[in-house]
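*Asks:* What follows is a structure written as structure tokens; I'll ask about it next.
The values are calculated or read from the model by the stated rules, or taken from the named source; none is laboratory data. Since the structure is predicted, the reported quantities are computational estimates derived from the model, not experimental observations. Positions of Cβ are backbone-derived with ideal geometry, glycine not excepted, and every protein chain shown enters the neighbour counts.
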Amino acid sequence: MNWWPPYLFAGVRVVHLAEDWSSARVRLRQHRFNSNYVGTHFGGSLFSMSDPFWMLLVMRRLGRDYIVWDKAGEIDFVSPGRGDVFADFKLTEERLEEIREATADGGKALPWFENEVVAADGTVVARVRKQLYVRRKHDDGQREPGPGRTDPAAATGHQAKG
């Protein structure tokens with residue numbers, strides 16, 4: 001992930017990723033490309049350092065039988081961030097079990113996850129919340145049509161030949 005272009009050029013580095021995808025630690029180093037007008041970390045950089053991790057951890061831990069998407073996100077800026085800042089993510093087996101139970105009957109789960117962005121001295125810089133959309137795949141591995149997705153033939157007014 002450290003070579004992923006949005007992170008490579010933003011100063012974001014994954015400093016730890018558990019082999020079993022149960023946790024991650026990310027660092028953002030401040031430089032002139034991610035500083036704002038008043039000399040602190042740009043808020044978009046603080047949010048982007050947290051953006052993909054809950055989805056990735058949940059997706060990898062649940063496996064190929066599940067669909068996992070980011071649904072919503074929010075950030076609360078608590079104090080100005082300067083220098084190196086860090087975000088830690090820890091996905092517990094209890095949270096995974098809650099998701100499995102909520103999706104066992106084919107329904108969706110919309111869990112929220114939270115993490116803090118902290119300065120090297122432990123000062124909280126921001127609190128980030130991410131909501132995921134999680135659903136079990138059908139037995140054939142296909143997604144069911146959801147909002148905004150219809151049968152392509154029906155969407156164009158064509159009838160399937162058969």
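*Asks:* Go through (1) at pLDDT below 95; (2) among the charged types (D, E, K, R); (3) within 15 Å of the chain's Cα centre (by Cα) for residue 130 and report which single condition fails.
*Replies:* That leaves (1) as the condition not met.
*Asks:* Still on this model: Where residues in region 28-41 are hydrophobic (A, V, I, L, M, F, W, C) and surrounded by fewer than 18 Cβ atoms within 10 Å (Cβ to Cβ), which of them is farthest from residue 131 (Cα to Cα)?
*Replies:* Here is the first cut: in region 28-41, the residues hydrophobic (A, V, I, L, M, F, W, C) are 28, 33, 38.
From the residues that got through so far, the ones that are surrounded by fewer than 18 Cβ atoms within 10 Å (Cβ to Cβ) too are 33, 38.
Values: 33: 28, 38: 30 Å.
Applying the filter and picking the extreme gives 38.
*Asks:* Any idea which residue in region 94-130 is farthest from residue 51 (Cα to Cα), counting only those that are free of Cβ contacts under 8 Å to residues at least 24 places away in the same chain and acidic (Asp, Glu)?
*Replies:* The selected residue is 105.
*Asks:* Condition (residue is crowded, with 16+ Cβ neighbours inside 10 Å, closer than 20 Å to residue 122 by Cα and of a type outside the set (A, V, I, L, M)) applied to region 65-76: is it met by at least one residue?
*Replies:* Looking for residues that are crowded, with 16+ Cβ neighbours inside 10 Å, closer than 20 Å to residue 122 by Cα and of a type outside the set (A, V, I, L, M), one finds none in region 65-76, hence no.
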